[in-house]
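What follows is a short report on a single structure.
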Amino acid sequence: MSMEDIFSHFGDIFGGSFGGFGGFGGGGRTRRRTNRGSDLRVKVKLSLKEIATGVEKKIKVKKYVSCKTCNGIGAENGTAYTTCSACNGSGVVTRIQQTILGAMQSTTTCPTCNGEGRTITKKCPVCNGEGVKLEEEVITLNIPAGVADGMQLSMSGKGNAARHGGVNGDLLILVEEEPHPELLRDDNDLIYNLLLSFSTAALGGTVEVPTIDGKAKVKIDPGTQPGKVLRLRGKGLPSVNRYGVGDMLINVSVYVPEHLTAEEKQLVEKLDSSKNFTPTPSIKEKIFSKLRHMFD
């Protein structure tokens, strides 16, 4: 690395370019400043259904856009400007200082034209010489499937336009996930808390559970215990990186009545006594039939 390379790096850091010392070579690199518009940030609310499939949304935002009258230059008719006399259109000025080590050359942004290399002689009457106007614009957002709450997406060049021409800023999209009334999200898996009646847990049966796509029927085996987790594979959310699809997990709970009538107590006690003897299938079915009628 030469001395010129070293001081050119200093120029990148401190906003200008530094030349070499006397006897060590020529001046540093010069760069005309490129204006850049500021970024815009918006929030987009998404349901689990939209997250599962991906969605296209149209939003209306207020942003600075390039003035069409002056083509973003800020000068009347886009031509009422002249080359900056201070920097001769380069956008930078060079100064030479004498130091104990010799002559040191530094290059900084031109203070007269702010690095643009031109000065406006007559301002555009529409944008008042700014080159941008505040307008409403409808932007189409293509949200991919599998995004999560707090995730930030970016659309290059959809932010505010730069003053006097240049590069537009970006549009930053913050994802806000709307809570589902029945389902909980755990990464790409979905969780549903299923509350079974006592008789259904004991005898088994078929129940309906909500999913992203609607309803699904789930078979309950006889003797299903509280705390058991049922899994519906592929019924979760897709990965935003397309690495697969999550599952739906069903947490089983059993409802136990807090208050029982005398008849219900007798039936439960009779069922509990089955640990000491083996009732015939017809008797057991009769007991559970009465319990199902009472508790369901």
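For the range 201-250, the Kirkwood estimate of the hydrodynamic radius, built from every pair of different alpha carbons, is 12.2 Å. Sorted largest first, the spans of the alpha carbon positions of the range 160-265 along the three principal axes are 87, 30, 21 Å.
Annotation for A80 and K217: the two label points, set 7 Å from Cα along the Cα-Cβ direction, are 7.8 nm apart.
Prolate is the label for the range 105-182, because the ratio a/c of its alpha-carbon gyration tensor axes (a ≥ b ≥ c) is 1.5 or higher and a/b is greater than b/c.
Among M248, M155, what's the order by accessible area (1.4 angstrom probe), most exposed first? Don't jump to the answer; show the numbers that get you there.
Details: M248 0, M155 45 Å².
So the residues, ranked largest to smallest area, are M155, M248.
Over all alpha-carbon pairs in the range 53-130, figure out the percentage whose distance exceeds 19 Å. Counting every Cα pair in the range 53-130, those more than 19 Å apart make up 58 percent.
The values are calculated or read from the model by the stated rules, or taken from the named source; none is laboratory data. On a predicted model such as this, the values are computed, not experimentally measured, just so you know. Here Cβ is always computed from backbone atoms with ideal geometry, including for glycine, and neighbour counts include all displayed protein chains. Remember, those area values only see protein heavy atoms, side chains included, never the ligands or the DNA or RNA. Shrake-Rupley method; radii C 1.70, N 1.55, O 1.52, S 1.80 Å.
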